[in-house]
């Protein structure tokens, strides 16, 4: 295949499964990360997938990082906007910094990463952009006004950009994972975990690999007629009409 895929937030949790699955599907893959050098180095050593460090909240850093990836691997054909952070807190106690940090990574990051590659995709008349939103961007979540707002914004971005890219062969779609069995979720107290699972009709947490399979499909030629869509992968916990 030889197409180049770039995954942000791509060395841990769901972000580790995404580049591995894309590599297994035949893509040349680069993974971006923001801060954990040790985890990124271990990921590259284990998988052979190169990692590149920059913050998606910084437009200039994104432009420079993408340029480095494209110089080493080739033009980016598939972009997976997966990087995300949480700064949870009840709204009456939430600080401007908590709000701004989440917006900077989870919403501004989509613009910062997509804008530098957009014209290249238009020129080549092919592109696949997959934005990782969240169940909480669909239904909201107490204590996450910042996160839920950003993730809902991701969906609006997806629908609008899909309309601009369609006639140029670019699809733009979103995935809304529910609760996934990442290290972060598995580290919560067992009683809390049980209360989460009790809300999921299929009776279990999802796996990072299940989200990765959704990404691989949306990145494929088989998904060329799907754009502006939101794929929910939450075990039936929230069913969007």
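Readers should treat all values here as calculations from the given coordinates under stated rules, not as data from a laboratory. All values reported here derive from a predicted model rather than from experimental measurement. No Cβ is skipped: glycine too gets one built from the backbone with ideal geometry, and neighbour counts run over all protein chains shown.
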By Cβ neighbour count within 10 Å, fewest first, 37, 108 rank 37, 108
The range 4-64, relative contact order [Cα under 8 Å, separation at least 6], % | 31 percent
Using a Gaussian network for the chain with springs between C-alpha atoms less than 10 Å apart, which of these wobbles most: 177, 189, 19?
-> 189
Arranged by the count of other C-beta atoms within 10 angstrom, fewest first, what order do 47, 114 take?
-> 47, 114
Against the 2.2 N^0.38 Å rule of thumb, the C-alpha Rg of the range 75-178 sits at a ratio of 1.13
Return the percentage of antiparallel bridges among DSSP beta bridges fully within the chain, rounded to the nearest 5 %.
-> 0 percent
In percent, how large is the relative contact order of the chain, given Cα pairs closer than 8 Å and 6 or more residues apart?
-> 19 percent
Let me have the 222 nm mean residue ellipticity of the chain computed from DSSP H runs of 4+ only, each contributing -39500 (n - 2.57), with the sum over all residues rounded to the nearest 500.
-> -14500 deg cm²/dmol
Just from the alpha-carbon atoms, what are the Rg and Dmax of the range 100-241 in angstroms?
-> 16.0, 52
Which percent of Cα-Cα pairs in the range 1-124 sits in each 10 Å bin, short to long?
-> 14, 44, 30, 10, 2, 0
Connecting every pair of Cα atoms under 10 Å apart in the chain and solving the GNM, the largest mean-square fluctuation among 133, 220, 195 falls on 195
Sort 225, 91, 43, 238 so that the residue with the fewest other Cβ atoms within 10 Å of its own Cβ comes first and the one with the most comes last.
-> 225, 91, 238, 43
Relative compactness, the range 1-69, computed as alpha-carbon Rg over 2.2 N^0.38 Å | 1.03
Given the Cα atoms of the chain, and with Rh set as the inverse mean 1/r over their pairs in the Kirkwood sense, what is Rg to Rh to two decimals?
-> 0.95
